[in-house]
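Q: Please find one structure pasted underneath; my questions will follow.
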Amino acid sequence: MAAVAAKVAAGKAIPSWTAPGPSIDVSKLKGKRVFIIPLTPNPFNENIQNTYKQIFNAVGVNYTIYANQGLTSQWVAGMDDAIAQHPNLIILSTAPDPRVLQPQLRAAKAAGIPVEVTHFYDRSSPPPPSCLACAAGVTSLVTAPFNTAGAAEADWIINDSHGHAHVLIVSAPDVIPSPGILSAMEQQYRTSCPSCTYKVINIPVAQWNTGVESQVESALNGDPSINYVDALYDAMATGAVPAVQTVGKTGSVKVVSFNGSPFALNDIRTGSIMAMDASENTRWIGFADVDQAFRLMAGMPPVNETTPFRLIDKSNVTQTGVPATNYLGYGNAYATGFWHLWGLPGSPPAAPSS
């Protein structure tokens, strides 16, 4: 328990920034063109795109953001449009799934257009071409801390429950990081809390809006011992929290999740159900994505680019802002560090509004 408590304390601290690679002379990139295909429109992705815009505007890089509603057919059309325009780089931002874009990735590769995939693969993933579905034409990744965040969520629950947690894990097997996150959680419970129990329910993405609340309600009614619900993603927490309320478990069942969406952080600060979030900084993600993009456009090899998370609970949630944002609570060392790594004068611009 002491070791778990120490890991939780470390996870609640502001993450440190380390330069991912050598400096870049971005003055040579003025006039380059980037074609960005986001996963789907939501505040998390839009905040990342706002950071792209700030940095690209400061450097003089031209960009196109291909608006879509998250349909595979739209991602395909976006890739076709990008290839026709022949930009210097295509970014699959928060990752339109490369598995469903194999012909388009091959076409981009044949046309000599590098493709960067962000926030889709875990840190443990091998780099291209060995990563899943990468060989067709993915050039570089910016990975996310999915598995380590899952383990940290389990540690927080173990510590908060003093080793007496009975957890309902709400997973989504059709989301590529989910199996790794679930495995990391299970490993922590097995090794650090033999008296803890957990059960897993799987809800596909297409059922999140309608299925999470009803299935969590059913699980809570069927097992009164459950005292924590770990929804793998914040979009699931929007169903898990009202489920706890509906079955009258407010105060006895806590919900934790991953992503750091402002609604979840606000619930931690003001409510009694949402208790912790393994929070990500959308601005940091944007800076890391652009750093990898600059390297590719400058003809440099890609680096092992990744982004952090921070455990946010009642003890530190006000650092994310009142009301909460996607980017406060991480200091500014990463933004200043990247800015100087790129050789840009002055200080980085202030974070855009959420």
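Readers should treat all values here as calculations from the given coordinates under stated rules, not as data from a laboratory. Just so we're clear, the structure is a prediction, and the values are computed from it rather than from any experiment. For neighbour counting, all protein chains shown are included, and Cβ atoms are generated from backbone atoms with ideal geometry for every residue, glycine included.
Q: For the pair ALA2 and GLN74, what calculated FRET efficiency results from E = 1/(1 + (r/R0)^6), where r is the Cβ-Cβ distance and R0 = 51 Å, to the nearest 0.05?
A: Values: r = 51 Å, r/R0 = 0.99.
For R0 = 51 Å, the calculated efficiency reads 0.50.
Q: Follow-up. Filter LYS53/LYS314; LYS7/LYS249; LYS28/LYS53; LYS7/LYS53 down to the pairs with a C-alpha to C-alpha distance above 27 Å, please.
A: Over 27 Å apart, Cα to Cα: LYS53/LYS314; LYS7/LYS249; LYS7/LYS53.
Q: Which percentage, to the nearest 5, of the DSSP beta bridges contained in region 122-279 is antiparallel?
A: 0
Q: If you don't mind, there's one more thing I want to ask. Taking a ≥ b ≥ c as the square roots of the eigenvalues of the Cα gyration tensor of region 1-41, is the shape rounded (a/c under 1.5), prolate (a/b larger than b/c) or oblate?
A: Oblate.
Q: Could you list, bin by bin from short to long, the percent of Cα-Cα pairs of region 123-162 in 10 Å steps?
A: 28, 31, 21, 15, 4
Q: Follow-up question, since we're still on this one. If you count the DSSP beta bridges with both ends in the chain, what percent of them are antiparallel, to the nearest 5?
A: Around 10 percent antiparallel, to the nearest 5.
Q: Taking a ≥ b ≥ c as the square roots of the eigenvalues of the Cα gyration tensor of region 147-279, is the shape rounded (a/c under 1.5), prolate (a/b larger than b/c) or oblate?
A: rounded
Q: Would you tally the net charge around ILE312, using a Cβ to Cβ cut-off of less than 12 Å, leaving ILE312 out, and scoring K and R as +1, D and E as -1? Before the final figure, lay out each step's value.
A: On the way: positive: LYS12, ARG269, ARG310, LYS314; negative: GLU153, ASP234, ASP267, ASP277, GLU280, ASP313.
Here the count lands on -2.
Q: Another question, then. Over what distance in Å are the Cα centres of region 4-69 and region 297-313 separated?
A: If you average the Cα positions of each part, the centres end up 9 Å apart.
Q: Moving to a separate point now. TYR121's amide H: which non-local residues (gap 5+, or another chain) put their own amide H closer than 5 Å, with H modeled 1.01 Å from N in plane and none for Pro or chain starts?
A: When sequence neighbours closer than 5 places are left aside, the close amide H contacts are ALA144.
Q: Next question, about the same structure. Helix-derived [θ] at 222 nm for the chain: sum -39500 (n - 2.57) over DSSP H runs of at least 4, divide by residue count, nearest 500?
A: Computed ellipticity for the chain at 222 nm equals -12500 deg cm²/dmol.
Q: Still on this model: Using the 10 angstrom Cβ neighbour count as an exposure proxy, how do ILE83, ILE157, ILE201 rank, fewest first?
A: Taking fewest neighbouring Cβ atoms as first place, the list is ILE201, ILE83, ILE157.
Q: I've got another one for you. Relative contact order for the chain: what percent, with Cα pairs under 8 Å and sequence separation of 6 or more?
A: Relative contact order, the chain: 20 percent.
Q: Suppose each label sits 7 Å from its Cα in the direction of the beta carbon; what would the ALA110-LYS199 distance come out to in nanometres?
A: Between ALA110 and LYS199, the label points sit 5.2 nm apart.
Q: Provide the FRET efficiency to the nearest 0.05 for the MET300-THR64 pair, computing r from the beta carbons and using R0 = 22 Å.
A: The calculated FRET efficiency here is 0.45.
Q: Around LYS254, which amide H atoms from residues at least 5 apart in sequence, or from another chain, sit under 5 Å from its own amide H, with H modelled in the peptide plane?
A: Amide H neighbours of LYS254: TYR228, VAL229.
Q: What shape does the chain have by the C-alpha gyration tensor, where a ≥ b ≥ c are the square roots of the eigenvalues, rounded means a/c under 1.5, and otherwise prolate means a/b greater than b/c and oblate the rest?
A: The shape class here is prolate.
Q: Once you keep just the Cα pairs under 8 angstrom separated by 6 or more residues, what percentage relative contact order results for region 147-279?
A: 25
Q: Determine, from the Cβ-Cβ distance of HIS164 and ASN316 and an R0 of 25 Å, the FRET efficiency 1/(1 + (r/R0)^6), rounded to the nearest 0.05.
A: For R0 = 25 Å, the calculated efficiency reads 0.55.
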